[in-house]
Structures are given as C-alpha cells and as structure tokens.
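The values are calculated or read from the model by the stated rules, or taken from the named source; none is laboratory data. Not measured: the values here are computed from a predicted model. For neighbour counting, all protein chains shown are included, and Cβ atoms are generated from backbone atoms with ideal geometry for every residue, glycine included.
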Amino acid sequence: MLNPLIRAASEIWSAGSGLSRLLATIGITRCVRLPVRVVSVGNIQAGGAGKTPLVAQIAREAHDRGLRVCILSRGYGGKWERVGGLISPLETQEPLLTADCGDECALLRTLAPHAFIAVGADRIRQFRRAQESGAEIDLVILDDGFQNRRIRKDLEIVAVTSASPWKVLHRDSKSALAHADLLVWTKGETLPDSDGSAAPMVKVRFAVTGPEKAGPVWLVAGVADGESVLTSARQAGYEISRSFLFPDHAIYTDQQVREILGTARRTGKRVALTGKDWVKWREFGVRPDEVIVLEVVVEFVSGRESWVRALWGSE
C-alpha cells in the first residue's frame, strides 16, 4: 500500500543526505583518507536491505585472501556507539553484551570472527584506536557507509531492493546511486530503479540455513524486514506455525523470552531465531540446544564476476 507520509519522510531525509553530500563535494565537510583501502557497504533505504550479511561476506573473502580486516561499525543502540570500543579477532570473552556493542556488532563477531570490529559513531577515531591497540590492518570495511562523508572510500557498494520510497522509508534518493561503484540487488522481484547509475549490478539472495527441520517451529525475528525472514525460512523447508515479528533492534526481557520458550515447549514446538536475536537471547541464559539459530548465506544469482572484479580484481 502506498503511504504518502512515508514518501514525504523519504523526500525530507533524502534532501538532507543530498545536502550533506554537496557539502562534502565542495570541501566544507572535511574528508579523511585512511592509510588502508576502504570498502563501504551501505544502502539508500532505512534498514532491511541486507548490509550486514554483505559486510560479513566481504570480511570472510578478505580473510581467505590473507588480508587483515577491520570493520568500522556504529554499534547502533549500544554504549560503545557513544564511547567507542574494540572487538579483537577470535576474542575469547563470551558473550559480548549487546548493551555495549549493539546487536549488529555482536552478530558480526560471530559471522566474521577473524576481523577487528571497531565500534563507535566516530569511525575515524575508532580506527585510530584500533591502530593504537596494535591492530595490523590491510582493509577497512565501512559498515553502513553510503551516507558517511568523513571517510574517503575506495569502493562504494550499495545494497538495493525493489522497495519504493512510497512503501519503505528511504534516506537517500535513487539519484544518489550515481555515486555507487557496485550495486547489489538483495531483495524483491522487480528490478530496482537505479536512476541510470552506470554501476554494475549484482543479484544475490539470502538463503536461510540451520539445523533439523523436523516439525513445526515458532519464528522470532526482531529485524527490519521480518517478512523476508519468514519467507526465507519457509523456502528453506521450515514449517512456521507461528511468527513473532518484532521491530528492528528489538529489546527483549527475560520474562518475554521465557514465556515464548515455555509456551512453545508446552505445545510441542521449537523456537527459531535470527542470528541478530540469538545474540540477545543468549544473554538471558538461553542455551544453543534450546533454540534453532537461523544463519543467512549469501548466494549469488548473477554478477558474481562483477563482485569479484570490484573487490579483488580477479579470483
């Protein structure tokens, strides 16, 4: 359904982003070049485009190529968003508290365990703190970086979907895609409107994997696009008899978690969670064998060669 309020909000937010980009272009906003290559992964809609799986995919591919990676992430909703923090590769402290680093950074740690993750709104400061800690870095991945004007980027990757500004809140206009180096079509059946961008487009799908699929399960998803998770889980063969779709970055309580688990158990159901929800549920003492943790796998439908060429030059 078309929503004029969402459209109006999208236009206002996009205008602000356009002004910010103009100020950076004419040099009013100071832009810093880091001493290593910077790959930015961002989007133009407000959540739900699938940035996090793409960031993790790049980090794993870089590690496989022998590169030492540092992910710069805001840490939305966590204390470190304000004060900063650093997650070291293969850090043994378990678990990271999402109240500190935010749920997305806690998830990235599980998806890309060999990467440094420097957390905080001031990405430049957190990069320097990572260097000061002794981190040796070959590649920076700027998470949610398309609207970041303070760091100069060597590669601008933008996740796009079929959603329009009438239906999903956008924070940048389609015309902003002219500044992208690579577009990744992540969701939707209709070819995204790229407003004539010359950037090559890669198409991926997010496949859901997990343990056994015996019997009906209840799905818990506190993400920006819960309906997409629901669809992917069913496509993966899970029989979803009930779903709890919470807002993105959902904050749970111990009582809420125990009620869902207890009720599901009494009715002979298991509970399936997204990875983003699991990093929060485990803080309440939930064991891995009590739930099904769904993992997202990036599958390339078309344009894999463009992805490799842009990121690595060649296989």
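Summary table
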item: Qualifying residue in region 212-225 (condition: assigned by TED's automatic domain parsing to the domain that holds Ile44 and among the aromatic types (Phe, Trp, Tyr)); result: no
item: Residues within region 10-35 that are buried (at least 17 other Cβ atoms within 10 Å of the Cβ) and closer than 20 Å to Ser73 by Cβ, tallied; result: 2
item: Hits in region 1-42 (condition: among the basic types (Lys, Arg) and in a helix (DSSP H, G or I)); result: Arg7, Arg21
item: Residues (within 22 Å of Leu5 (Cβ to Cβ) and crowded, with 20+ Cβ neighbours inside 10 Å) located in region 169-196; result: His170, Arg171, Asp172, Ala176
item: Residues of region 210-234 classified as of a type in the set (A, V, I, L, M) and free of Cβ contacts under 8 Å to residues at least 24 places away in the same chain, total; result: 2
item: Residue selected from region 2-43 under the condition at pLDDT 95 or above and among the charged types (D, E, K, R), by the criterion nearest to Val202 (Cα to Cα); result: Arg37
item: Residue list for region 251-270, filter: among the β-branched types (Val, Ile, Thr) and either more than 28 Å from Glu104 (Cβ to Cβ) or part of a loop (DSSP other than H, G, I, E, B) (or both); result: Ile251, Thr253, Thr263, Thr267
item: Every pair of residues 6+ apart whose Cβ atoms lie under 6 Å, when the first sits in region 36-50 and is not assigned by TED's automatic domain parsing to the domain that holds Asp225 while the second is part of a loop (DSSP other than H, G, I, E, B) and surrounded by 24 or more Cβ atoms within 10 Å (Cβ to Cβ); result: Ser40/Gly145; Gly42/Gly145; Gly42/Phe146; Asn43/Ala49; Ile44/Asp172
item: Matching residues in region 293-315 - criterion: being outside any helix (DSSP H, G or I), surrounded by 20 or more Cβ atoms within 10 Å (Cβ to Cβ) and out of contact with any Pro (no Cβ under 6 Å at 6 or more places or on another chain); result: Leu294
item: Residue check for Gly134: crowded, with 23+ Cβ neighbours inside 10 Å and among the small types (Gly, Ala, Ser); result: no
item: Condition check for Asp144: under 16 Å from the mean Cα position of the chain (by Cα), among the acidic types (Asp, Glu) and modelled with pLDDT of 95 or more; result: yes
item: Filter result (on the phi < 0 side of the Ramachandran plot and not in a strand (DSSP E or B)) within region 241-250; result: Pro247, Asp248, Ala250
item: Qualifying residue in region 151-165 (condition: in the same structural domain as Ala15 (by TED's automatic domain parsing), in contact with a Cys (Cβ under 9 Å, 6 or more places away or on another chain) and over 26 Å from Pro4 (Cβ atoms)); result: yes
item: Residue match in region 43-60 (condition: part of a strand (DSSP E or B) and buried (at least 17 other Cβ atoms within 10 Å of the Cβ)); result: yes
item: Condition check for Gln93: over 17 Å from Val223 (Cβ atoms), modelled with pLDDT under 95 and either in contact with a Lys or Arg (Cβ under 9 Å, 6 or more places away or on another chain) or surrounded by fewer than 24 Cβ atoms within 10 Å (Cβ to Cβ) (or both); result: yes
item: Selected residue (criterion: surrounded by the fewest Cβ atoms within 10 Å (Cβ to Cβ)) from residues of region 197-240 that are of a type in the set (Ser, Thr, Tyr) and not in a loop (DSSP other than H, G, I, E, B); result: Thr209
item: Some residue of region 142-153 being more than 24 Å from Leu19 (Cβ to Cβ) and either in contact (Cβ under 8 Å) with a residue 12 or more places away in the chain or crowded, with 21+ Cβ neighbours inside 10 Å (or both); result: no
